[in-house]
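Q: I am attaching a structure below and will ask some questions about it afterwards.
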Amino acid sequence: MKYTTLYVFKNLIKFKILNQFSSAHRSAFFIFFAFYHFIGIASGQETGLSTLSIISTGDSTQTSSANNINDSADYDKVKSIYDKLVSARGDYRFPIPTVFLRSEVSRVASIDYDKLEIVLEQKAFQACKPFGDAAIAFLLGHELTHYYEKHAWKSGFATEYKDLKVGREMKSVNDQVANETQADYLGGFLAYSAGYGMFDKGGEIIKAMYSSYGLGNQLPGYPSLQDRVELAKRSSAKIESLIDVFEMANFLSAIGRYAEANEYYKYILIQYQSREIYNNLGVTSVMNALQHLDEKELKYKYVVELDLSSHGSRDASSAAKADNLLREAVKYFDSAISLDPNYAPAYLNKATAYALLGDNVRAKFYAEKEATEIGIKGNFSKTVIDASILKGILLAKEGNTKDAKTIFESAASKGSELAKENLNILTNGSTTVKSPSRTQTPQDTINKMTLVSFARKPQFLQDKVVQINQNLTFFQYQIDSLNFKIFYNMNNEDRLINYFMLTKTGKDIKTSKRIGIGDTLDDIIKIYGQAYNRIETPQGLIMIYDNLFFVLGADNKVVKWGNFMSKKSLF
């Protein structure tokens, strides 16, 4: 007899053995059972699961390692793109499938749950080439999403209970369309998160695959080709909407609207979980908390940098609010760490939160041991430097200025501006580095439009309205013929509207001072000086000036820019 986990579990219930457990032990057992049973399904131990493929030619030949293409430039590219996708998702709670490039003509791209491997066929790889690396990321992200979203669970459950009516009914329901659509949607956002930009050619890729493999319009078990193209088109629209919400969260963070940014990240988290989203939630909570601390408590410049000009005195109410926000941040950092125990930035941010809470013991531990040791192992070089700066701050607050100075000098010698500021504070009592000027600059005009004129009578597209929560609504205005799009956020609590007008990616529009797409970070600083705030993004960073921002890619070149403004609603 095969003693499966379900067999054991059903007999534990049948003979009331679980009733003898404490409630805590029963809870622990249920968690263990769910985990172990899922691993069994994922590895094919208890079910007849085989593969989930984006397309099937009908060839039932098993995929074989004998067809692996190793030690080649093509495989190296596939592996590099796959590793970036896995890293961008940052979820290591379960074993990561191994990726292979194979000389097979059967499934285009597929995940095999029996062997825990993702296979991209060489023929599909060649068909992707005209579309660039983003197309490969689209296919691999699609298969990874099947794994992360546990699309094999239903098939496994139905197989296990095939002797029951519920199992037979579950088996008869065709959820292939739902799974494939979700894999397109979340796989596309994963590819964006990994730095491959917004890929809106999913339908063209699918048509290219059908053509390359010589397939007809209708395949058994799949929607028609026309329907798949239409589904891909709609998935692209959903991906774009989720990306726009993510960008809005980053923009709100950049201009200091941290509480609102926090809610936007939470909205994304409902649909897409990653270490970065949890980490961003924690960072916005820390930033929000810093606004409730006074200057005396923030003598030194912590790893999370803010413009502190609006800080007032700290009363009992603001003290409690700051503490609650910091403890909330710790929970978010813990969630990021639970997904990826080797994600050094979350340990550092957790250490900063504890330092601001006044818990120097925990702050030191997470800065010195976790962030530093894990940062060294994972090659998070900047995190290691920032962790040493936090250690220097903690030493300085304890009165050990000698060792603190040594740490700041060492970090400053490695190019850290933050270390230089803290060294000046330590030796001179205050920073000698002047804050960047926030001189008012005129709003730029794009297609004869400025935010000032738009805000007089704002418009929006009804089908792009996103209700973030009961108080926050996200509006968009974008027309294909225009070189810009406008995001704005309505806050029903304070009746404040935050407007952002940004150029569309790839549009060669320049600011009034002749900075545009393709210009470098150095070009921007040369013309506009240092930004008063900057925020890191998965693709690069955002530079914030008084009413102007630049979005830069991984190569530190402008990919889009725009203006922003805030205005009270009259309604």
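A short reminder: the numbers here are calculations on the coordinates, not readings from a lab. On a predicted model such as this, the values are computed, not experimentally measured, just so you know. Please note: Cβ atoms are built from the backbone with ideal geometry, for glycine as well, and neighbour counts cover all protein chains shown.
Q: Could you tell me which of the pairs 301/321; 233/504; 331/507; 207/464; 129/233 are separated by over 29 angstrom between their Cα atoms in the structure shown?
A: As for pairs spanning more than 29 Å Cα to Cα, those are 331/507.
Q: Only counting other Cβ atoms within 10 Å, I'd like 532, 499, 366 sorted with the fewest neighbours first.
A: Least crowded to most crowded, the residues run 532, 499, 366.
Q: I'd like the FRET efficiency for residue 342 and residue 382, computed as 1/(1 + (r/R0)^6) with the beta carbon distance as r and R0 of 25 Å, rounded to 0.05.
A: The computed FRET efficiency comes out at 0.95.
Q: Set the Förster distance to 56 Å, then compute FRET efficiency between residue 224 and residue 369 from the Cβ-Cβ distance, nearest 0.05.
A: Once rounded, the FRET efficiency stands at 0.50.
Q: OK, next. Most exposed first by the Cβ proxy, i.e. fewest other Cβ within 10 Å, how do 105, 283 rank?
A: With the fewest neighbours first, 105, 283 line up as 105, 283.
Q: Here is the link list: 391/414; 391/557; 150/369; 84/266. Which ones come out longer than 27 Å on Cα distance?
A: 391/557; 150/369
Q: Continuing with this model, one more query. Between the range 513-540 and the range 447-511, what's the alpha-carbon centroid distance in Å?
A: Taking the Cα centre of each part, the range 513-540 and the range 447-511 sit 22 Å apart.
Q: Please compute one quarter of the surface area of the Cα convex hull for the range 49-241 and express it in square nanometres.
A: In nm², the orientation-averaged hull projection of the range 49-241 is 10.9.
Q: Under a crude label model (7 Å from the Cα following the beta-carbon direction), how far is residue 526 from residue 93 in nanometres?
A: 4.9 nm
Q: Would you mind pulling out the separation of the Cα centroids of the range 176-230 and the range 55-117, in Å?
A: 17 Å
Q: While we're here: So for the pair residue 400, residue 237, with labels modelled 7 Å out along Cα→Cβ, what separation do we get in nm?
A: Taking the simple label geometry, residue 400 and residue 237 are separated by 6.0 nm.
Q: Looking only at the range 473-511, which residues have a backbone nitrogen under 11 Å from a spot 7 Å from the Cα of residue 459 in the C-beta direction?
A: 477-482
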